[in-house]
Structure formats: C-alpha cells, structure tokens
Amino acid sequence: MKYPIRNLIYEKIRQAGNMTDSDLMNALTKEGITLAESEFNKTLLDLEIYGLVRVSWVTKEKRRIELVADSGTAS
C-alpha cells in the first residue's frame, strides 16, 4: 500500500517539531523519496491550507516549517 506523500511530509515535520525546507527535503531523500520542487511546494501549501503547518520565510531562499499547535482540544 502506498502512503500519501502529504502524510509522509507531515509525519517528518511532526517528529522534528519545526525544520527548514532544505532539512525536510534532505530527510525525505534519505528515505528514498524524491520529489520535484513544484510537488514539494504544493504539498507544503496543502498542509498549510489544512491548518497543520505554518511556513514562513527565514531568508530569501530558506523557509521555516513549523507544526501548528492542536487547537481542537477542549479545555
């Protein structure tokens, strides 16, 4: 069974808490997962739209990806 790439990327971010886009791409490559940059960016955008991660620019060519705190829990 093939695991959706969106889930793999989310799991990597969840394990790390936060990371840069290059660190995430390197972690995926180490597991034998190769993605086109456009597919990588689209997946990050999807995760951001779903409210699971937040992506912000650190420098002109580096992005910080962080996990959004789970706000769905009752207090």
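Nothing in this text is a laboratory measurement; each read-out follows from the coordinates by a stated rule. Note that this is a predicted model, so its numbers are computed, not measured. Because the Cβ atoms are built from the backbone with ideal geometry, glycine has one as well, and the counts that use them run over all protein chains shown.
If you average the alpha carbon positions of the stretch 40-63 and of the stretch 1-31, how far apart do those two centres end up, in angstrom? Between the Cα centre of the stretch 40-63 and that of the stretch 1-31, the gap is 12 Å.
Based on DSSP H segments of at least four residues, each scored -39500 (n - 2.57), the chain has a per-residue ellipticity at 222 nm of -14500 deg cm²/dmol.
Relative to the Cα centre, the charge distribution of the stretch 5-67, modelled as +1 at Lys and Arg Cβ and -1 at Asp and Glu Cβ, gives a dipole magnitude of about 140 debye. Distances between placed amide hydrogens fall under 5 Å for Val53 paired with Glu48, Val68, all partners being 5 or more residues away or on another chain. Near Arg63, the amide H atoms lying under 5 Å from its own belong to Asp21, Ser22, Val58; only residues 5 or more places off or on other chains count, and H is placed 1.01 Å from N. Summary of packing: across the peptides 31-40, 49-58, 10-19, the per-residue average of other C-beta atoms within 10 Å ranks them, highest first, as 10-19, 49-58, 31-40.
Plainly put, the chain has a radius of gyration that is 0.97 times its Kirkwood radius, both from alpha-carbon atoms, as the Rg/Rh ratio.
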